[in-house]
Amino acid sequence: MAIIAPSLLAANFLRLQDECTMLNESEADWFHLDVMDGRFVPNISFGLPVIEQIRTATRKTCDVHLMILEPGNYAEAFKKAGADILTVHYEACTHLHRNVQQIKALGMQAGVAINPHTPVDLLEDILPDIDLVCIMSVNPGFGGQQFITHTYNRVRALRNMIDGQQATVKIEIDGGVTLDNAKALIQAGADVLVAGNTVFKSPDPKATIAALKKA
Ligand code: DX5
Ligand code: ZN
C-alpha cells in the first residue's frame with residue numbers, strides 16, 4: 001500500500017486548522033509541505049512560521065520539500081520548525097553529499113528531488129546515503145499542472161537501481177497525481193504519492209485520500 005502525502009500547497013490557508021484536522025482524521029500518512037523561494041523556482045509559497053504552526057496541529061510525518069537555493073543554510077531551522085523528512089533538489093546542491101550528511105546529522109530523514117529533465121542515473125552514488133527520492137512529475141513551482149507521462153519510465157529505472165543496490169530508499173512522486181494514474185505509478189515502483197489538487201479540490205477530500213490509498 002502506498003504512502004499518501006497530501007500537499008498543503010492546495011489547501012485553503014484561511015482554514016488551515018480545519019485542513020489539518022481533516023488530514024489527521026483521514027488515511028493520509030504524511031503532510032507534504034512545499035517551500036519555494038522565488039529563485040530556484042518561479043514562485044513563492046510559505047516557510048518556517050507556517051510549518052512551525054502546522055507541526056503543532058499534527059502528529060503525522062511532516063515531509064518538507066525544499067525548492068530553494070542553498071538549502072544547507074536552512075536545514076537546522078526546518079528541523080526546529082518540525083520537519084521529519086527534509087528533501088533538497090539535486091539541481092540546487094553543488095555539494096549534495098554534504099547537504100545530505102547535514103540533514104541526517106540533524107536527525108531528519110534525507111530526500112533528494114529531481115526535476116523532470118534530470119536523469120535518475122545521476123543518483124546512483126547518493127542512494128546509499130538517503131531515505132527518499134522525489135521524482136518530480138511536473139516542473140516544480142506550481143500545483144495543478146499536468147502529469148508528465150515519461151515519469152513511468154523514470155520510476156521503473158530508479159526502482160531497478162534501488163533494488164539492485166538493495167537500498168531502502170522510498171520513491172515519491174510529486175506533481176499531477178490523480179486517481180487515474182495512482183495505480184500505474186505504484187505498479188511502476190512508487191512508494192509515496194504526493195497529491196495537492198486531487199485531494200484538496202475534491203468534493204470529499206477524505207474519501208479521495210482513501211481512494212488513493214486503495215489504488
Ligand atoms: C510542485 C509541488 C507539488 C504540488 C503538487 O512544485 O512540489 O508538491 O503541490 O500539486 P498537484 O498535486 O496539484 O500537482
Ligand atoms: Zn512538493
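The values are calculated or read from the model by the stated rules, or taken from the named source; none is laboratory data. What you see is a predicted model; the values in this text were computed from it and never measured. Glycine gets a Cβ as well: all are built from the backbone with ideal geometry, and neighbour counts include every protein chain shown. For the accessible areas, the whole protein counts, side chains as well, though only heavy atoms, and no ligand, DNA or RNA atoms are used. Shrake-Rupley method; radii C 1.70, N 1.55, O 1.52, S 1.80 Å.
Cross-link list LYS80/LYS104; LYS60/LYS104; LYS80/LYS201; LYS79/LYS214; LYS79/LYS170; LYS60/LYS170: which exceed 25 angstrom alpha carbon to alpha carbon? Each step should come with its number before you reach the end.
Values: LYS80/LYS104 14 Å; LYS60/LYS104 19 Å; LYS80/LYS201 31 Å; LYS79/LYS214 32 Å; LYS79/LYS170 20 Å; LYS60/LYS170 17 Å.
Where the Cα-Cα span goes over 25 Å, the pairs concerned are LYS80/LYS201; LYS79/LYS214.
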Asserting the computed 222 nm helical MRE of the chain (DSSP H runs at least 4 long, -39500 (n - 2.57) per run, divided by residue count, to nearest 500) equals -9500 deg cm²/dmol
Once all protein chains are kept in place, THR61 shows an accessible area at probe 1.4 Å, nearest 10 Å², of 40 Å²
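Taking square-rooted eigenvalues a ≥ b ≥ c of the alpha carbon gyration tensor, is segment 8-82 rounded, prolate or oblate, where a/c under 1.5 means rounded and, failing that, a/b exceeding b/c means prolate? Provide the component values of the computation, followed by the final result.
On the way: a/c = 2.15, a/b = 1.58, b/c = 1.36.
Prolate, because a/c is 1.5 or more and a/b exceeds b/c.
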The chain accessible area per residue, 1.4 Å probe, protein heavy atoms, integer Å², reads 46 Å²
Expected field for SER7, accessible surface area in Å² at 1.4 Å probe radius, rounded to 10, holds 10 Å²
For LYS104 the rounded accessible area (nearest 10 Å², probe 1.4 Å, non-protein molecules ignored) is 90 Å²
Expressed as a percent, the accessible surface of the chain that is carbon or sulfur, using a 1.4 Å probe and the full set of protein chains, is 48 percent
Cα-based Rg then Dmax for the chain, in Å, read 15.8, 46
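Considering only protein heavy atoms, with the full assembly of protein chains and a 1.4 angstrom probe, order LYS201, LYS206 by accessible area, largest first.
Working: LYS201 130, LYS206 80 Å².
Correct descending sequence by accessible area is LYS201, LYS206.
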Expressed in nanometres to one decimal, the distance between label points 7 Å along Cα→Cβ at THR178 and ALA211 is 1.1 nm
Under 19 Å by backbone N from the virtual spin label 7 Å along Cα-to-Cβ at ALA157, the residues of segment 171-215 are 171-175, 185-191
Largest-first ranking of ARG159, ARG59, ARG98, ARG15 by accessible area, probe 1.4 Å, whole protein assembly kept, is ARG59, ARG98, ARG15, ARG159
